[in-house]
Amino acid sequence: MTKVDYLCPRHIKAMRLILKFLSLFILPTFIIVLTFAYLNSKKPEVLTTIEGQKILSSPYQNTLYEEFGIVYTPTVILPVKTASGFRNYSFLVDTGAIVSAIPAKESTTLGVNLAFLPRVAVEGYGGQTSFTYRGNFIVKILDDLVTLPCVFSEVDSSNYIIGRKGFFENYTLNFNSEKKAVEFIARQRKPRP
């Protein structure tokens, strides 16, 4: 004869509570995380031309803020010249930033020796001062190699930022609400005679 163990009503009730907990909290949380990951999956930047103008279009990243919900964040992945070739970096497009910014920890990768750069204090949002090193980096935007001025920030958690200096002079920036993307449009250069 085989012995069969039956669950007592107390065990059944406990199992039902566990399943209810899983269905009410874990599963919806998992679905929200998957949805957020899907919305944040960056599609590759698209190079298009409209009437001979080159346009680089980069979809907005969806950033979830506790106080405000999902907010579109204009980011773009650009190839940056490093000591060992080009490497893609994700930059926040910040029209409020005077100059582009890169964390100082990346200086070695970019082949930059901070000891030879001037150290400057910069004022950020809310008047907070941080110390940086003023330099340059080379980035590929559309088909152009562009040298952009930047600061290498001593704050390791700082963002990679594309600022106005060196960028606004050569590119038109369009925040396209219909496509939910930030677009870079190259300035048309006059043909040489």
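Taking (1) outside any loop (DSSP other than H, G, I, E, B); (2) at pLDDT 85 or above; (3) loosely packed, with under 14 Cβ neighbours inside 10 Å in turn, Val76 satisfies each apart from (3).
Within the span defined as region 106-128, one or more residues are more than 18 Å from Asp94 (Cα to Cα), in a strand (DSSP E or B) and among the β-branched types (Val, Ile, Thr).
Scanning region 43-73 for residues that are more than 19 Å from Phe184 (Cα to Cα) and either at pLDDT below 65 or acidic (Asp, Glu) (or both) yields Glu66, Glu67. Give me the residue from region 79-94 that is in a strand (DSSP E or B) and among the small types (Gly, Ala, Ser) and, out of that set, nearest to Phe167 (Cα to Cα). That would be Ser90.
Among the residues making up region 90-99, a single one is under 15 Å from Gly135 (Cβ atoms) and either of a type outside the set (Val, Ile, Thr) or surrounded by fewer than 18 Cβ atoms within 10 Å (Cβ to Cβ) (or both): Ile98.
All of Phe167, Phe184, Phe152 fail the test of being surrounded by 15 or more Cβ atoms within 10 Å (Cβ to Cβ), in contact (Cβ under 8 Å) with a residue 40 or more places away in the chain and part of a loop (DSSP other than H, G, I, E, B), apart from Phe167. Restrict the check to region 103-117 and report whether at least one residue is basic (Lys, Arg), modelled with pLDDT of 90 or more and out of contact with any Phe, Trp or Tyr (no Cβ under 9 Å at 6 or more places or on another chain). No, there is no match, as no residue in region 103-117 is basic (Lys, Arg), modelled with pLDDT of 90 or more and out of contact with any Phe, Trp or Tyr (no Cβ under 9 Å at 6 or more places or on another chain). On the basis of being modelled with pLDDT of 90 or more and crowded, with 16+ Cβ neighbours inside 10 Å, does Lys81 make the cut? Here the answer is yes, as Lys81 does meet what is asked. Against the test of being of a type in the set (A, V, I, L, M), assigned to a strand (DSSP E or B) and within 27 Å of Thr172 (Cβ to Cβ), the options Ala97, Ala101 yield a single qualifying residue, Ala101. Within region 94-114, residues that are touching a residue at least 60 places away in the same chain (Cβ under 8 Å) and in the same structural domain as Pro74 (by TED's automatic domain parsing) have Cβ atoms under 7 Å from residues that are outside any loop (DSSP other than H, G, I, E, B) and of a type in the set (Gly, Ala, Ser) in these pairs: Ala101/Ser153, counting only partners at least 6 apart in sequence or on another chain.
In the set Phe131, Phe137, only one residue is assigned to a strand (DSSP E or B), of a type outside the set (S, T, N, Q) and modelled with pLDDT under 90; that residue is Phe131.
The values are calculated or read from the model by the stated rules, or taken from the named source; none is laboratory data. Bear in mind the structure is a predicted one, so any value in this text is a computation, not a measurement. Cβ: placed from backbone, ideal geometry, glycine included. Neighbour counts: every protein chain shown.
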